[in-house]
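Before any comments, here is the structure.
The values are calculated or read from the model by the stated rules, or taken from the named source; none is laboratory data. Keep in mind that what you see is a predicted model, and the values were worked out from it rather than measured. Neighbour counts run over all protein chains shown; Cβ positions are idealised from the backbone, glycine included. Please note that ligands, DNA and RNA were not included when accessible areas were found on the heavy atoms of the full protein model with its side chains. Shrake-Rupley method; radii C 1.70, N 1.55, O 1.52, S 1.80 Å.
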Amino acid sequence: MHCLSIASGLAMARLLGRSTAHFVKQAAEIVERARVGLVMGPSELTAAMMFAQPLMKVWPQQWVFAYLIGVDLGMKHLQDGFFISDIVSFVTDGFSLQELKQAERQAFGMVEFGNFHKRFFSFRNALASLAVEFPMEVPQSIHLQLNLVVGEEASSPHVLVVSCAETMSDWCADVHAANSDAIVSTSSSLVDALRLMHQYYRAGTRVSLICVDSALLALSMHAADDPASAEIFARSHRFCQQLEPTDNLSFFACKPFVVVISTAVEEAAFSFSTERGSACDCILPARLTSQLLPTIMDICEL
C-alpha cells in the first residue's frame, strides 16, 4: 500500500474524529483501491484529499461517497479524459452513476477552486507529515495488515543534493538506497544549485527533490548552524524564492520538494504555508535521513 493511501486514511480519521486503527485501515484501503483502479499518482491523491475534505465535513456519515467525489474532482482538475463513470468501472459499483453525477453537481458549490496551486502544495505537505508520523500513529498490527510498501513505483526521480563534502557521499547513498533508479545531481553551494536548477528549467528537465544541508544556509547568512526549525524555515526563504522560474505554470508543473537536513533538530517539521515559494517543504533531522527519505521520495513524485 502506498504511503499516501495510509496518510489519507489518517487524515480522514482526524477530520471525522474517528481515530481508531480499524477506521484508518478501512479508509486507507478505500484510497488504495482508488489509487490502483484509476492509476493515481501522488498529485492525484493529494488533489483528491484536498477536494474531499470540505465534502466530508458536510457528509460525514457518507465519507466514502464524499471521498470518491473528491477523487472525481481532483482527477478532472489534473487530467484530461477522466469521466466520473470511471469510478463505477474501476473503483466500486457501490454507488450508481446517477448518484455520483448528482453529488458532483452539488459539490461544485461546496469546494474552492481558486488558488489551487497554493492550497495543493499545502495539502501535499500535510499528507507528507502524516506519512512520516505513521509508524508512531498506528499499532504495529495495523502496519502489517496495511502492508506499507515504500518505493513501489517504477520511476527514476531526479534528485539534487546540495551539501558540503563531508556529507555528500552519505546523502547520495541514502537517495540510492531509497530508490536505486534515482538520478542524482550534486552541488556544493546554494549559488551553484540555483544555477543548475535554472539550467534544468530551461532544458525542461524535471527535478523532483532537492536535499539541502542546513549548514550551507547558515554560511550564506553568516550565522551559526544551531537554529530551531522556525529559523531554518526562515533561512530557506530566499533560496526557495529564487528557485521559482518566471513561468508560473512551469513552476506548478515541476516544483521540486525541498528538504533541509539539519543536525540541530530532533524531529521532522513541515511547512504548511500557502505561499508556494516561501520556504522549504520539510526539515529532516540528520539522524533520521536514511529512515525517512524513502517516504519523502514517494511523496515528492508529483
Query raised in the report: Any residue in the range 31-53 that is charged (D, E, K, R) and modelled with pLDDT under 90?
Result: no
Query raised in the report: residue 236 fails exactly one of the following numbered conditions: (1) at pLDDT below 85; (2) in contact with a Phe, Trp or Tyr (Cβ under 9 Å, 6 or more places away or on another chain); (3) among the hydroxyl-bearing types (Ser, Thr, Tyr); (4) open to solvent by less than 30 Å² (accessible area, probe 1.4 Å). What is the number of that condition?
Result: (2)
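Quick grid of which residues meet (1) under 16 Å from the mean Cα position of the chain (by Cα); (2) farther than 18 Å from residue 6 by Cβ:
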| site | (1), (2) |
| --- | --- |
| 30 | no, no |
| 40 | yes, no |
| 54 | no, yes |
| 65 | no, yes |
| 76 | no, yes |
| 84 | no, yes |
| 90 | no, yes |
Query raised in the report: Looking only at residues in the range 154-193 that are of a type in the set (D, E, K, R) and at pLDDT below 90, which one is least open to solvent (accessible area, probe 1.4 Å)?
Result: 181
**Report entry** Residue list for the range 90-121, restricted to those being at pLDDT below 90 and buried (at least 20 other Cβ atoms within 10 Å of the Cβ)
**Finding:** 120, 121
Requested in this report: Report the residue count in the range 262-293 for those that are open to solvent by less than 30 Å² (accessible area, probe 1.4 Å) and at pLDDT 80 or above.
Outcome: 14
